[in-house]
Amino acid sequence: MDTVADKQKREDSLNGVGCSRKRKEDARFIQGKGNYTDDIKMPGMLFADMVRSPYAHARIISINTEKALALPGVHAVLTAADLKPLNLHWMPTLAGDVQAVLADEKVHFQYQEVALVVADDRYIAADAIDLVEVEYEELPVLVDPHKAMTAEAPILREDLVGKMEGAHSTRKHDNHIFNWQAGEKDATDRVFDAAEVTVSQDMVYHRVHPCPLETCGCVASMDKINGKLTVYLTSQAPHVVRTVVSMLSGLPESSVRIVSPDIGGGFGNKVGIYPGYVASIVASIVLGVPVKWVEDRMENISTTAFARDYHMRGELAADSNGIIKALRVNVLADHGAFDSCADPSKFPAGFMHICTGSYDIPVAHLNVDGVYTNKAPGGVSYRCSFRVTEAVYVIERTMDVLAQKLGIDKAEIRRRNFVKKEQFPYTTCLGFELDSGDYHTALEKVLDAVDYKGLRREQEEKRANGELMGIGLVTFTEVVGAGPSKSCDILGVGMFDSAEIRVHPTGSVMARMGTITQGQGHQTTYAQIIASELGITSDEIAIEEGDTDTSPYGLGTYGSRSTPVGGAATAVAARKIKAKAKKIAAHLLEVSEDDLEWEVDRFKVKGVPGQEKTMKDIAWAAYNNVPEGMEPGLEAVDYYDPPNFTFPFGAYLCVVDIDKDTGVTDIRRFYALDDCGTRINPMIIDGQIHGGLTEGYAVAMGQEMPYDEEGNLLGNTLMDYFLPTFVETPKWETDYTVTPSPHHPIGAKGVAESPHVGSIPTFTSAMVDAFAHLDVTHMDMPHNAYRVWKQIKALGLLDN
Ligand code: PCD
Ligand SMILES: [Cu+]
């Protein structure tokens with residue numbers, strides 16, 4: 001007998017969408033049984049290490065490898081001269097520039113790759129590094145991006161001199177990379193000229209570095225007998241790497257296999273292709289044996305994929321009630337020595353034009369100039385969808401400045417300017433179509449939860465006592481899920497993603513995706529989507545990603561795109577299977593398809609109790625009893641090209657107490673409300689939010705990549721570079737609302753980046769708020785105790 005209880009029981013046993021299922025992958029991780037790139041061992045494998053430049057800008061006069069080659073155990077030392085005949089001494093970047101694989105005549109940043117040593121083991125390779133003699137002639141160094149386009153600036157990229165047509169625009173100077181604009185300049189300027197109130201705030205979004213626990217590395221293995229190149233690589237985008245390797249090497253894609261094994265965190269650091277990978281592949285081809293190259297922590301921090309380094313000015317025009325009339329944003333982007341930003345091809349400034357935020361802004365103009373400096377290349381989206389972090393920072397900071405100028409409360413000014421629930425889908429004046437949102441509800445929920453009015457009263461009392469307490473508030477909108485192929489591609493490949501699902505005769509499932517988990521728990525959550533769609537329990541569904549020989553082509557995992565794109569492909573592929581299953585069920589039950597209805601895990605004949613076939617029955621029949629003319633088997637592939645991005649949002653509030661004598665900050669409270677539409681696994685979402693908030697805290701309060709005037713990076717170890725541990729990390733409070741995406745098959749939006757994107761301006765907002773009564777409108781990050789103390793001192797607040 002079917003009862004409601006029975007149905008519920010079957011539903012629960014699926015562990016499908018909405019269930020806080022424990023992470024399947026944790027069983028191996030917590031037992032030390034993960035399989036990372038450095039765990040890969042192959043017969044005859046050699047080890048590589050990199051000779052790097054001590055100078056930020058210098059000409060290479062000569063490289064002498066003799067002594068290094070004479071060291072017992074050393075097999076080869078590769079330099080640009082060895083790569084040149086193969087035309088591999090330079091490689092194309094995702095941003096349409098080129099980057100030296102091994103320095104060719106010149107070094108452009110400190111620690112740049114100069115030569116690769118290959119030896120019997122890592123220790124010998126490291127000893128041989130010291131024996132490679134490189135003679136340099138130092139050149140003037142350019143560190144300050146503001147000086148890059150001046151007449152006195154040294155020219156960095158001699159390979160580009162005279163080439164004034166860049167990949168994205170005409171170049172105005174030899175150190176200029178591109179100019180990129182969005183919106184309407186004249187119309188915006190006119191509104192500013194006539195506005196009742198305007199504000200303008202300069203801010204530096206400092207250079208930081210995503211810091212995954214596992215550094216970058218690879219094992220390259222050229223099998224000369226079979227002509228097959230296999231590379232184990234800690235990559236967030238293995239299929240793209242395969243395409244690029246094939247294009248560079250001339251090997252057919254079918255002869256290249258890229259495998260991303262377990263990944264110890266990505267955070268955007270593992271999207272790009274680094275010189276070490278190319279050099280290791282060449283070494284394996286030359287030597288005919290597998291070559292392993294794994295960088296150390298210092299190499300990782302100093303040379304791979306920095307993030308941010310945006311020097312921004314945010315301007316708002318408004319009326320005296322704080323209603324925004326126009327937004328103007330100007331950016332000077334420091335891209336380092338080569339433009340290797342990881343952005344979709346047509347977006348040299350990523351999705352910076354989401355800088356209209358959650359607000360109904362009639363007109364805006366965004367201007368971005370990218371320049372070269374003598375710093376490491378990168379420009380990756382460190383837990384953000386391509387410059388969304390920067391965009392949210394500039395609008396949220398400028399909103400606060402406007403509120404302060406008008407004496408309107410931060411919450412109130414946001415309330416007045418929000419895009420309203422009934423305005424969705426809402427097209428921003430810079431061109432994004434926000435799919436869904438309910439900003440007012442989210443904000444009010446947070447204000448109630450923390451007793452905002454009470455906090456403001458407390459702050460007033462504290463101020464009267466000379467104490468420093470700040471309240472930060474941010475209401476953000478992100479753009480994630482790159483993206484519709486019509487607007488987004490990487491090297492010409494559209495940014496769809498894929499899923500391939502096979503249901504076996506006994507009803508268990510093997511599914512493969514074009515994305516790749518780095519700790520997000522995809523093996524757990526994709527199974528939940530399939531479970532709900534097909535009525536098969538999650539535990540019987542195996543998920544595999546990351547091997548280009550077996551998984552369908554996909555663009556990878558970054559920019560919180562796995563759920564919006566890969567998750568959608570998964571649901572659609574499952575629905576294709578379900579449609580076939582329905583035909584088989586109709587055949588088995590000898591009724592028409594129209595007579596069937598779906599219930600949890602089975603098709604039932606409407607109105608005839610007991611006449612039903614479960615997915616398990618159908619799976620078995622798919623391999624021995626299908627309707628006349630139907631092919632056997634039960635599987636489907638879907639390549640999903642999303643119609644739009646998804647726009648998750650949130651409201652974050654932070655309370656800080658600052659010690660007046662030391663500048664030490666205590667994050668007393670941090671309340672984060674996120675809306676990512678349909679929630680697949682609430683526990684994983686909570687974990688993702690904790691992780692993102694912690695990384696946001698790191699960026700806002702401590703992480704930085706300071707360079708001295710000679711281009712020396714000061715602080716490239718974890719002694720200097722702030723990686724918060726359990727000890728420093730504040731306590732996070734999380735909350736949610738659910739506003740599904742109308743165009744996503746299950747209504748889900750991405751979530752993993754939101755906490756990072758949303759929290760960083762919240763910390764700054766709180767820090768500034770502590771000093772707002774003293775007319776401070778902005779403080780640049782990182783808000784470490786020393787910098788805060790200097791601010792306190794400058795304001796004359798110290799007693800002695
Ligand atoms: N609605 C919803 C959404 C979501 N989810 C979940 O959560 C996660 C996430 O998701 P997403 O948002 O979609 O994302 P993805 O794509 O997957 O991922 C990516 C991200 O992720 C994050 N997180 C993490 N975690 C970990 N552990 N590790 C890592 O590394 C990482 N990284 C980071 C980053 S940075 Mo970039 O790359 O920068 O752009 S971006 C990023 C997964 O699992 C999923 O399923 C759910 O449940 N629901
Ligand atoms: Cu970004």
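Some values worked out for this structure:
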quantity: Which numbered condition PRO724 fails, given (1) assigned to a helix (DSSP H, G or I); (2) surrounded by fewer than 18 Cβ atoms within 10 Å (Cβ to Cβ); calculated: (1)
quantity: Yes/no for SER754 being touching a Pro at 6+ places or on another chain (Cβ under 6 Å) and in contact (Cβ under 8 Å) with a residue 40 or more places away in the chain; calculated: yes
quantity: The stretch 552-578: number of residues that are away from ligand 1 (no atom under 15 Å from the Cβ) and outside any helix (DSSP H, G or I); calculated: 2
quantity: Number of the exception - ALA48 against (1) farther than 19 Å from GLY264 by Cα; (2) open to solvent by 70 Å² or more (accessible area, probe 1.4 Å); (3) in contact (Cβ under 8 Å) with a residue 60 or more places away in the chain; (4) not in a helix (DSSP H, G or I); calculated: (2)
quantity: Count - residues of the stretch 647-681 that are within 13 Å of ligand 1 (Cβ to nearest atom) and open to solvent by less than 40 Å² (accessible area, probe 1.4 Å); calculated: 11
quantity: Residues of the stretch 172-187 classified as open to solvent by less than 10 Å² (accessible area, probe 1.4 Å) and either charged (D, E, K, R) or part of a strand (DSSP E or B) (or both), total; calculated: 2
quantity: Qualifying residues in the stretch 251-282 (those that are within 16 Å of ligand 2 (Cβ to nearest atom) and either free of Cβ contacts under 8 Å to residues at least 24 places away in the same chain or not basic (Lys, Arg) (or both)) - the one nearest to LEU94 (Cα to Cα); calculated: GLY272
quantity: Options GLY492, GLY521, GLY556: the member that is at pLDDT below 95, out of contact with any Phe, Trp or Tyr (no Cβ under 8 Å at 6 or more places or on another chain) and of a type outside the set (D, E, K, R); calculated: GLY492
quantity: Residue that is without any contact (Cβ under 8 Å) to a residue 60 or more places away in the chain and under 31 Å from the mean Cα position of the chain (by Cα), where the choices are ASP666, ASP594, ASP638, ASP617; calculated: ASP666
quantity: Candidates THR234, THR243 - the one that is in the same structural domain as THR79 (by TED's automatic domain parsing), open to solvent by 20 Å² or more (accessible area, probe 1.4 Å) and more than 16 Å from ligand 2 (Cβ to nearest atom); calculated: THR243
quantity: Residue match in the stretch 370-393 (condition: within 15 Å of ligand 1 (Cβ to nearest atom) and surrounded by fewer than 23 Cβ atoms within 10 Å (Cβ to Cβ)); calculated: no
quantity: Residues located in the stretch 603-645, provided they are closer than 29 Å to GLY514 by Cα and among the basic types (Lys, Arg); calculated: LYS616
quantity: Test result for GLY454, at positive phi and more than 16 Å from ligand 2 (Cβ to nearest atom); calculated: no
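The values are calculated or read from the model by the stated rules, or taken from the named source; none is laboratory data. It should be emphasised that the depicted structure is a prediction, and the values quoted were computed from it without experimental measurement. No Cβ is skipped: glycine too gets one built from the backbone with ideal geometry, and neighbour counts run over all protein chains shown. When the accessible area is computed, the model is the full protein with side chains, heavy atoms only, and any ligands, DNA or RNA have been set aside. Shrake-Rupley method; radii C 1.70, N 1.55, O 1.52, S 1.80 Å.
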